[in-house]
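Note sheet for the following structure.
The values are calculated or read from the model by the stated rules, or taken from the named source; none is laboratory data. What you see is a predicted model, and the numbers here were worked out from it, not measured in a lab. In this analysis, Cβ positions are derived from the backbone assuming ideal geometry, glycine residues included, and neighbour counts consider all displayed protein chains. Keep in mind that these areas ignore ligands, DNA and RNA; they rest on the heavy atoms of the full protein, side chains included. Shrake-Rupley method; radii C 1.70, N 1.55, O 1.52, S 1.80 Å.
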Amino acid sequence: LIVSRIVKNIAYKKVKDSKKYYGVKQKINSVSGIIITIYIIFIWFESVGNLTTYIGLLSAGIAIALKEIFTNIAGWVFIESRKPFEVGHRIMIGEQKGDVIDKRLFQFTLIEVSSYEDGEQSTGRIIDIPNGFIFIHPIINYSKGFEYIWNEIKFLFTFESNWKKAKKLLLEITNNDADITTERVTKQIRNASKKYMIHYNNLTPIVYTDIKESGIQLTVRYLCEPKRRRTTSNKVWEDALDMIEANDDIDLAYPTKRV
């Protein structure tokens, strides 16, 4: 353990790139774990009979007292073999949402992101989650397989507005502001469809029409990268507000009562 710590300190000074250092540190930890395990096996090898008796007496107690530890180890095996997520993926497990920044034997670590309504941006807080949680909570992965998500922005216009014109202009704005090309998305879907049943007929932005109590609702739907959802939403809203200001026959609606 002392040698492992010294080697990691040397690597920290030599490797300037934090991403490369993280990979080097993980390899050092793995090698250290293997060496320690082999060393312990050789120590116990000469007294196999005593070891067997000892394990038999304590197995029941260990199974109960260390249930969570074994569950976390089983979770780590599942994470490493099935790979439900990788470092860098944005996931949601239970009520916790964030970007995966570390994976260990007993837990994995997220850097928390805010709620959908608040733009899903980093809060700066670190969340440590036991590996065993993957067996009791569903995992939502924003990045696995198909690396894009569908984002929707709702606009409510008055009944007197020229909604057909607004719909056309919103579609033009979204096509200009969405920074993803159809070729890129098509390639992603083709790769993802080899492993998952992912098929989309329409990959370009689209605007849906609906009627609400206070006006006509136009919903813009487009593909974006998970970590750029707030950025693209901000751009679409700014351009849409400029469009509304420039057209006298298009107005945003709000709750009203008419007598």
Would you check if Phe159 is under 30 Å from Ile91 (Cα atoms) and either open to solvent by 60 Å² or more (accessible area, probe 1.4 Å) or aromatic (Phe, Trp, Tyr) (or both)?
no
Residues of the stretch 194-211 satisfying the condition of being open to solvent by 80 Å² or more (accessible area, probe 1.4 Å) and under 15 Å from Ile153 (Cα atoms)
Tyr208
Based on what the data block shows, is Phe78 under 26 Å from Gly145 (Cβ atoms), under 11 Å from the mean Cα position of the chain (by Cα) and at pLDDT below 95?
no
For the subset of the stretch 218-231 comprising residues that are buried (at least 17 other Cβ atoms within 10 Å of the Cβ) and in a strand (DSSP E or B), which member is farthest from the chain's Cα centre (by Cα)?
Leu218
For a quick check of your reading of the model, give me the residue pairs whose first member lies in the stretch 1-21 and is under 20 Å from Gly88 (Cα atoms), whose second is not in a helix (DSSP H, G or I), with beta-carbon atoms closer than 6 Å and at least 6 apart or on different chains.
Tyr21/Val15
Checking Tyr148 against (1) hydroxyl-bearing (Ser, Thr, Tyr); (2) buried (at least 16 other Cβ atoms within 10 Å of the Cβ); (3) over 24 Å from Val113 (Cβ atoms), only one condition comes out false. Which one?
(3)
Only one residue in Ile250, Ile211 is touching a strand residue (DSSP E or B) at 6+ places or on another chain (Cβ under 8 Å), part of a strand (DSSP E or B) and over 18 Å from Gly119 (Cβ atoms). Which one?
Ile211
Quick one: in the stretch 12-52, of everything that is surrounded by 10 or more Cβ atoms within 10 Å (Cβ to Cβ) and in a loop (DSSP other than H, G, I, E, B), which residue is modelled with the lowest pLDDT?
Ser47
In the stretch 162-193, which residues are under 24 Å from Gln121 (Cβ atoms), touching a residue at least 24 places away in the same chain (Cβ under 8 Å) and open to solvent by 80 Å² or more (accessible area, probe 1.4 Å)?
Asn176
For the stretch 232-253, which residues satisfy the criterion of being surrounded by fewer than 15 Cβ atoms within 10 Å (Cβ to Cβ) and under 21 Å from the mean Cα position of the chain (by Cα)?
Asn234
Restricting attention to the stretch 87-112, report how many residues are more than 11 Å from the chain's Cα centre (by Cα) and of a type outside the set (A, V, I, L, M).
9
Under 6 Å between Cβ atoms, which residue pairs at least 6 apart in sequence (or on different chains) link something in the stretch 126-137 that is within 15 Å of Pro84 (Cα to Cα) and among the acidic types (Asp, Glu) with a partner that is open to solvent by 60 Å² or more (accessible area, probe 1.4 Å) and at pLDDT 95 or above?
none
Sort out which residues of the stretch 72-128 are in contact with a His (Cβ under 7 Å, 6 or more places away or on another chain) and exposed (fewer than 14 other Cβ atoms within 10 Å of the Cβ), and write them in order of number.
Gly94
Flagged in the stretch 169-189 as charged (D, E, K, R) and modelled with pLDDT of 75 or more, in numbering order, are Glu172, Asp177, Lys187
